[in-house]
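The values are calculated or read from the model by the stated rules, or taken from the named source; none is laboratory data. Worth saying up front: this structure is predicted, and the values here are computed from it rather than measured. Cβ placement follows ideal geometry from the backbone for every residue including glycine, while neighbour counts extend to all protein chains displayed.
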Amino acid sequence: MPDQSSATAVGVDALGEAVGLDEEQLLTVIVECERQVAALQARQVAALSALADARAGTLLEGFAEDEVALALTISPNAARQRVSDGQTLSHQLPDTLSALAAGALDYYRARCIVEAVSGLDDDVAVAVQARVLPGAAERTATQLRAALRRAVLAVDPVGAAARHAMAAADRRVDFHPDANGMAYLGVAAPADDTLAVYTAIDGLARAARRVSGETRTLPQLRADTLADIARHPRGRWLARTCVAAPTAPGAPAGHRRRGHLAGRHRGTRVGGWLATVLSPPPWPAASPPTPPGGGSSPIR
């Protein structure tokens, strides 16, 4: 590991290009720059929080985000997020802010902690911080998020169940256009349902991968499988049937019976839905469409 104590003595020109440095010295510069960036971000975080505090109780209360957006030429939403993070780090997670200021923790990991304690009571947030902060710098962001989830469950198991119920009420599927004629389809749903969807699609893709002559990758096959399900005549028939499905007795207006989309199959609702889509007649049979990448379709 490079000697961080000698980092400031290593020469770097004004454009940030290392001059006359060996590999070990370059790594030292990289590490030290990361520490200095973290310290500067901590300084900005503290200033953001102080600005919001200074506006509190005045005619300009609530306008700190707009001032920041104008000063930094960023969107109001981005400014709002920065001010909110600054308030959380300054008032709820001062130890995390101190670690950031010391360069012991980068801003990305600090934000992971902020996101994990969002909506928690102060005492719960501090307890979660105490569990994860000592080893946070040695974890990747993925490892840190997993540790944070475990810490929240351990510190506040009852509250975690209530938060899950609230989050599940916001389950959804989002569509986002992307560049080059592509788009992104995102699913936010309870983990067991989401895993069931992925497992079913992955299983069909892996089955298609074993077909002789198949050249598509597994990620490509998963995407093609999902498109095949939507475009398959039986899938379209099922979608039309579900839209026209009668309301279950005693259910609120607009409620559809889950059984139309979600039979039980191996303990998962979505598995049952896929089994229904892919089941043989009595629905009208038709040849499945050719996948975009050619080859055999996993949907029969």
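Helices (runs of 4 or more DSSP H) wholly in the stretch 131-234 with at least 2 residues that are assigned by TED's automatic domain parsing to the domain that holds S118, within 22 Å of the chain's Cα centre (by Cα) and not small (G, A, S) - which ones? Walk me through how you get there before you give the answer.
On the way: elements: 141-155, 157-168, 191-209, 218-231.
It comes to 141-155, 157-168.
Read through the list (1) at pLDDT below 95; (2) within 19 Å of E115 (Cβ to Cβ); (3) among the hydrophobic types (A, V, I, L, M, F, W, C), then give the number of the only condition that V83 fails. So V83 meets the others, but not (1).
Report yes if some residue within the stretch 45-64 is in contact with a His (Cβ under 9 Å, 6 or more places away or on another chain) and not charged (D, E, K, R); otherwise report no. Scanning the stretch 45-64 turns up at least one residue that is in contact with a His (Cβ under 9 Å, 6 or more places away or on another chain) and not charged (D, E, K, R). Could you list, in sequence order, all residues of the stretch 1-30 that are more than 28 Å from Q81 (Cβ to Cβ), of a type in the set (A, V, I, L, M) and modelled with pLDDT of 85 or more? Result: L26, L27, V29.
Right, A64: within 14 Å of V152 (Cβ to Cβ), in the same structural domain as V37 (by TED's automatic domain parsing) and of a type in the set (A, V, I, L, M, F, W, C) or not? No, not satisfied.
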